[in-house]
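Inspection log for the structure reproduced underneath, given as structure tokens.
The values are calculated or read from the model by the stated rules, or taken from the named source; none is laboratory data. Not measured: the values here are computed from a predicted model. Don't worry about glycine lacking a Cβ; one is built from the backbone with ideal geometry, like all the others, and counts go over all protein chains shown. In case anyone asks, the SASA skips ligands and DNA or RNA and just uses the protein heavy atoms, side chains included. Shrake-Rupley method; radii C 1.70, N 1.55, O 1.52, S 1.80 Å.
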Amino acid sequence: METLKQTLRRIDGKGYKAYKEIAGSYRMKDGSWLHIDHVQGDPFAAPSRIRVTASMAELRWPEEWYGETWRRIALEDFLARELAARLREEGCRSDGSGKSGMIAVDAPGQQVLPRTAVRVDAERVELRLSAGLPAAGRSIRGRAAEQLLAERIPELERRALRAFDAGKLKAQLELADQQQAIRRYLRDSGYAAFVANGSILPRESGISDRPLRGKGVVPFRSPESLEITVPVPHREPLRGMGIKQGVTLIVGGGYHGKSTLLKALERGVYNHAPGDGREYVITDESAVKIRAEDGRSVTKTDISPFIGTLPFGRSTSRFSTEDASGSTSQAANIIEALEVGTSLLLLDEDTSATNFMIRDERMQRLVAKEKEPITPFVDKVRQLYEEHGVSTILVVGGSGDYFGAADCVIMMDEYAARDVTNEAQSIASTYGSGRSREGGDRFGTLRPRIVLPQSFDLARGGREKAEAKGLHTVLLGSEAIRLDQVEGLVDPSQTRAIAQMIRLLAKSGMDGSMTLREALDRLYVRIESGGLDMVSPFGKGKHPGDLALPRKHELAAAINRLRTLKVKDESRGGAQ
Ligand code: ADP
Ligand code: MG
């Protein structure tokens with residue numbers, strides 16, 4: 001550290017480029033190391049990348065904090081949150097021009113995701129920060145840099161690694177154990193989802209993922225008939241609503257909380273942080289929200305189970321379009337979710353294409369089946385479950401035609417859940433829907449696709465490019481992939497990871513022989529053993545501290561929306 005200070009004093013007042021000299025590793029007073037991996041080119045460029053590492057031998061943290069994968073993820077998340085909170089407390093410290101004086105860590109949101117901001121293993125703990133090296137105009141402010149690197153960062157390290165609230169950490173680790181236990185319980189007992197009594201489902205606003213607060217908030221309570229008891233470690237068993245595998249409807253009047261319940265279930269594929277209100281809302285991890293997404297591109301997806309021959313005899317068994325309609329996009333979204341592998345679909349009428357969801361008696365009389373390519377979801381939902389083991393949870397306020405297909409009907413009534421399964425079933429048997437079933441005998445074929453390597457041209461338009469812009473855009477070469485409607489994506493760090501994962505797949509994953517699913521499976525196995533760091537372009541030792549792991553579904557969603565995607569059938573071998 002003394003060496004660093006001397007260098008900084010020597011280059012004080014010089015041109016910004018002289019900062020390049022300080023790249024390297026420095027030993028701090030408490031034995032930890034400060035690594036300056038990358039020095040920014042000027043005060044306005046992307047900030048410098050810094051790691052702080054402490055050895056486990058010296059920290060002496062008990063192995064039970066990080067031995068189990070889910071605990072390690074929770075511990076890393078805890079440390080990243082604590083760091084972010086410290087930095088928020090410090091406030092924004094501008095210390096000159098451009099990004100001078102800023103320190104940042106990639107802060108987690110409401111979800112606890114595997115991320116690269118903090119890395120813990122049996123040997124060491126590593127914090128990945130970025131910092132703006134201080135300048136006045138474009139000349140080095142050596143004193144300010146000394147304060148940032150030799151005082152503020154060591155103090156941050158001390159508070160994050162040596163002076164944190166151990167009780168708070170214990171609570172977060174225990175929560176992770178409980179979430180893990182609920183997931184296992186659901187899998188073993190045939191449930192698709194669980195919503196604990198007392199959960200706070202509504203969010204602060206349409207643009208905030210934080211819990212709604214105040215007197216008007218109604219905590220969730222399970223209807224008695226659906227209540228289950230889930231044993232969890234560290235506390236008395238949890239009670240709450242268990243949604244069985246099968247077909248479940250969420251019905252009720254407008255504004256009574258249907259979409260809010262479904263949204264919470266959607267997010268239940270991830271674990272939530274303490275205080276979120278949805279800590280004990282747990283959903284089958286493979287669940288996919290399905291919605292209409294008109295305008296998306298589709299490449300040779302077999303949507304024939306839902307959409308038959310199109311006008312002028314156009315086949316849909318290898319359906320491609322640059323501009324899908326509501327119903328064809330929704331069909332493609334389902335087929336692609338099945339291709340990656342899912343056992344739970346989530347649909348909300350608010351975001352569905354009406355003609356994809358229902359076709360009632362009168363319409364069947366007016367428009368003959370031969371003139372309607374679409375087989376509505378209502379005629380396919382049971383086949384999905386019975387033939388493929390894929391459950392559905394569906395919000396419908398507008399059509400009782402689904403009653404006959406449902407195993408369970410939950411009614412939201414002024415934010416309270418009621419079990420109305422029996423009533424719905426008796427209505428369905430008393431008042432026939434009058435419609436004829438259109439689904440055929442079987443769900444239809446599922447055709448795995450092989451992704452061809454020429455789909456990706458990262459260097460198109462000049463320099464190689466694979467990066468994210470915000471939560472919803474991935475830039476590959478000169479292509480922009482829009483992910484606005486991919487609701488499973490929750491964190492911009494996931495989007496950054498998706499860009500890097502596609503870069504890896506383009507370079508070494510897709511050789512023209514593997515199906516999309518095999519390629520994804522292989523990549524995730526590599527990540528599981530090597531850690532998420534391996535997808536970063538920075539190479540060994542240079543931290544990529546701003547990535548979070550997306551699910552296979554979200555990665556596949558990006559690939560599926562790539563307008564230069566080229567695929568061929570697994571079976572036929574001919575390029576398409
Ligand atoms: P629906 O889909 O039935 O039309 P929403 O789920 O969109 O209704 O909810 C309508 C409004 O009620 C939203 O603003 C939501 O935040 C609020 N809300 C939902 N559930 C609750 C609850 N449990 N307590 C308080 N407000 C809620
Ligand atoms: Mg709604």
Assigning unit charges at the beta carbon (Lys, Arg +1; Asp, Glu -1) and nothing else, what dipole magnitude in debye, to the nearest 20, does the chain show about its Cα centre?
1920
In nm, to one decimal, how far is the Arg143 label point from the Val525 one, both placed 7 Å along Cα→Cβ?
5.9
Please state the charge dipole magnitude for the range 1-154, taken about the Cα centre, from unit charges on C-beta atoms (+1 on K and R, -1 on D and E), reported in debye and rounded to the nearest 20.
720
Which entries in Lys5/Lys469; Lys263/Lys507; Lys507/Lys568 show an alpha-carbon gap greater than 25 Å?
Lys5/Lys469; Lys263/Lys507
Residue among Thr248, Ser536, Ser429 farthest towards the positive dipole end of the chain, charges placed on Cβ
Ser536
Quick check for me: using +1 on Lys/Arg Cβ and -1 on Asp/Glu Cβ, what's the dipole size of the range 192-253 about its Cα centre, in debye to the nearest 20?
160
Quick one: length gained pulling Asp294 to Tyr431 fully straight, 0.36 nm per residue minus the C-alpha distance?
45.9 nm
Give the calculated FRET efficiency between Phe164 and Ala23 to the nearest 0.05, with a Förster radius of 22 Å applied to their Cβ-Cβ distance.
0.15
For the range 18-26, in residue order, the Karplus 3J(HN,Hα) values (coefficients 6.51, -1.76, 1.60; θ = phi - 60°; whole Hz; Gly and Pro = x) are 5, 4, 3, 4, 7, 4, x, 10, 10
Using a simple spin-label model with points 7 Å from Cα along the Cα→Cβ vector, what separation in nm is obtained for Ser315 and Leu59?
5.8
Normalising by the residue count of the chain, find the relative contact order in percent from Cα pairs under 8 Å and 6+ residues apart.
13
So, in Å, what gap is there between the alpha-carbon centers of the range 86-104 and the range 180-224?
37
Dipole-positive endmost among Ser325, Leu34, Leu562 within the chain (Cβ charges, Cα centre):
Leu34
With each run of n ≥ 4 DSSP H residues scored as -39500 (n - 2.57), what mean residue ellipticity at 222 nm is computed for the chain after dividing by its residue count and rounding to the nearest 500 deg cm²/dmol?
-8500 deg cm²/dmol
For the residue pair Asp30 and Ala46, what label-to-label distance in nm results when each label sits 7 Å from Cα along the Cα-to-beta-carbon direction?
2.9
I'd like to know which of Leu344, Met363, Gly397 lies farthest towards the positive end of the charge dipole of the range 325-450, counting +1 on Cβ of Lys and Arg and -1 on Cβ of Asp and Glu.
Met363
Need one number: % antiparallel among DSSP beta bridges in the chain, to the nearest 5.
80
Measuring from the longest principal axis of the C-alpha atoms of the chain, the long axis of helix 492-504 (C-alpha) lies at a number of degrees, nearest 10, equal to 90
Per-pair calculated FRET efficiency, R0 = 51 Å: Gln364 and Cys92 via Cβ, rounded to 0.05:
0.25
Grab the Cα-Cα distance for Met1 and Asp121, subtract it from 0.36 nm times how many residues apart they are, and report the gain in nm with one decimal.
40.7 nm
At 1.4 Å probe radius, can you tell me the per residue accessible area of the chain in Å²?
43
Quick one: longest stretch of the chain between exposed loop chymotrypsin sites (Phe, Trp or Tyr not before Pro), exposed meaning at most 16 other C-beta atoms within 10 Å and loop per DSSP?
256-430
Of the beta bridges DSSP finds with both residues in the range 165-447, what % are antiparallel, to the nearest 5?
55
For the chain, give the percent of accessible area contributed by carbon and sulfur heavy atoms, probe 1.4 Å, rounded to a whole number.
49
Cα convex hull of the range 165-447: how many Å³ per residue?
145
Which FRET efficiency value, to the nearest 0.05, is calculated for Lys215 and Asp12 with the Förster distance at 45 angstrom and r the Cβ-Cβ distance?
0.20
In the range 1-104, the trypsin sites (Lys or Arg not before Pro) that sit in a DSSP loop and have at most 10 other Cβ atoms within 10 Å of their own Cβ are Lys29, Arg60
